[in-house]
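Here's the structure we're looking at; comments come further down.
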Amino acid sequence: MSERDAREQDVQWISLARIGAPHGVKGWVKLHSYTQPRDNIRAYRDFLVRRADRAGQPEESGPLALELDEIRPLGKSLIAHVVGYDAPEQSRTLTGLELGVDRRQLPELEAGEYYWHELQGLKVSTLDGRILGRVASLIETGANDVLVVEPDEDSIDDEQRLIPWVPEQYIMEVDLEAGSLQVDWEPDWLQD
């Protein structure tokens, strides 16, 4: 895929990693994988890349195509080789790029399983219909993931809430099409 083709396609971007500094003398780069487990990124070869501007927003020019021909573990990290970048001077130009794929390339999940990006932005309400806000992000804690729910214009108050991702205990219903998530959570259960 050419750079032009990648820009012109209707890409549904999902970020899988960030390219770090060069590693070694043959153009390899450190790779900060966002996949769980981190080695899942090795299932992909053809990526799209984009650089975020200083405010953290993607540049308007759109993603460009990039191919990784090898990804290896290195301790608790990963290193990768990008096709056509065979010297540290070349690969240094990639440092800081977000590495992603079109969302349509992600594997299908079982019923009741969700990718984090699918949950972000969902409107969160209690069992009795009170709006707590929207899912801003998720935190991985080890025991279970935690939803970070930020207030919005429809919220009952201005409080941020951290709600454990425990289906059937706190997470009662997820409706991606409606953009909603229902929780068994009382608004006064705030962290002090």
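Every number in this text was worked out from the coordinates using simple rules, so none of it is lab data. All values derive from a computational prediction rather than experimental measurement. We place every Cβ from the backbone using ideal geometry, glycine too, and count neighbours over all the protein chains shown.
Structure notes:
- The chain: radius of gyration over Cα atoms, expressed as a fraction of 2.2 N^0.38 Å: 1.20
- Estimated distance in nm for a label pair at K26 and R45, the labels positioned 7 Å out from Cα along Cα-to-Cβ: 1.8
- Translational diffusion coefficient (Stokes-Einstein; Kirkwood radius from C-alpha pairs) of the range 116-183 at 20 °C, 1.002 mPa s, in µm²/s: 182
- Within the chain, helix-based [θ] at 222 nm, where runs of 4 or more DSSP H residues each add -39,500 (n - 2.57), nearest 500: -1500 deg cm²/dmol
- Sites D184 and E89 - FRET efficiency at Förster radius 41 Å, r taken between beta-carbons, to 0.05: 0.15
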